[in-house]
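The values are calculated or read from the model by the stated rules, or taken from the named source; none is laboratory data. From a predicted model like this one, the values you see are computed outputs, not experimental measurements. Note that each Cβ is placed from the backbone with ideal geometry, even for glycine, and that neighbours are counted across all protein chains shown. Accessible surface is based on the protein model in full, side chains and every heavy atom, while ligands, DNA and RNA are left aside. Shrake-Rupley method; radii C 1.70, N 1.55, O 1.52, S 1.80 Å.
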Amino acid sequence: MTAVVRTELMVPLRLAEGWSSLARVSTFDGLADPGEHLALRLGAPGDVPLVRLHSECLTGDVFGSQRCDCGPQLHEAFRRVDAVGGYVLYLRQEGRGIGLYPKLDAYALQDAGLDTFEANVALGFGEDERDYTVAAQMLTALGVARVALLSNNPDKAEQLARHGITVAARVPTAVHRSKANARYLAAKAQHADHTLDLGA
């Protein structure tokens, strides 16, 4: 089944830091999984829009958890995409696709010494369970075939390419490192080849 746009509406956005903009939010029918994924169009997208695939992170995006860099990455994406025109795809793939409760179970294992990937494996999951098929479907439904991908994660680009989306450029995100998430970021660089300049 081919994915199609279900609903489109304008939503005013505002971040606590003072940034605000107007986003066109799209919902979809016919996606490969039942998640209620959203596309937010910001600015005026050109032929090769800047696109961020952002996996939902309740603890980081909503509660401001500093165990990860998800909340700061989402806020960065809103600003950068709005400035040049493009899309933020908000994908309902909590905890690298394992769900909220298992993610919190993984946090407990991390507190006992495992890194973020080892904890997922210890719970019986893959290191990263995310599938970006729906992201490619959403972009296709929106008429987007070529993107500049705002990401440090090479797997996102590889999966989009396998599903027919041309990644014309990979644009790195900033490094949102803190004392609380330094080990988490190091694990992303070591286990999943994220392009993160973590310094010495």
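Ellipticity at 222 nm from helices only: DSSP H runs of n ≥ 4 in the chain, each -39500 (n - 2.57), divided by the residue count, give -9500 deg cm²/dmol. Rolling a 1.4 Å probe over the heavy atoms of the protein chains gives the chain an accessible area of 48 Å² per residue. Charging the Cβ of each Asp and Glu at -1 and of each Lys and Arg at +1, and nothing else, the dipole of the chain about its Cα centre rounds to 540 debye. Couplings for the range 91-99, taken from phi via the Karplus curve 6.51 cos²θ - 1.76 cosθ + 1.60 with θ = phi - 60°, read 9, 7, 10, 3, x, 6, x, 9, x Hz in order; Gly and Pro are left as x. Projecting the Cα atoms of Phe117, Tyr107, Gly95 onto the charge dipole of the range 88-131 (Cβ charges, centred on the Cα centre) puts Gly95 farthest toward the positive pole. Using the Stokes-Einstein relation with a Kirkwood hydrodynamic radius computed over Cα pairs, the translational diffusion coefficient of the chain at 37 °C and a viscosity of 0.692 mPa s comes to 190 µm²/s. Taking the average, over residues, of other Cβ atoms within 10 Å as the packing measure, peptides 130-138, 2-10, 93-101, 167-175 rank 130-138, 93-101, 167-175, 2-10 from highest down. Here the accessible area is traced with a 1.4 Å probe on the protein chains. For the chain, carbon and sulfur cover 52 percent of it. Take the Cβ atoms of Phe63 and Val11, set R0 to 22 Å, and the FRET efficiency comes out at 0.55. Were the residues from Glu127 through Tyr101 laid out at 0.36 nm apart, the gain over their Cα-Cα distance would be 7.8 nm. Within the shell defined by Cβ-Cβ distances under 12 Å, the residues around Pro49 carry a net charge of +2, with Lys and Arg each +1 and Asp and Glu each -1. Taking 45 Å as R0, compute the FRET efficiency from the Cβ-Cβ separation of Thr2 and Asp111 and round it to 0.05. That pair, Thr2 with Asp111, gives E of 0.50.
Our estimate of slack between Ala169 and Glu36, defined as 0.36 nm per intervening residue step minus the Cα-Cα distance, is 45.1 nm.
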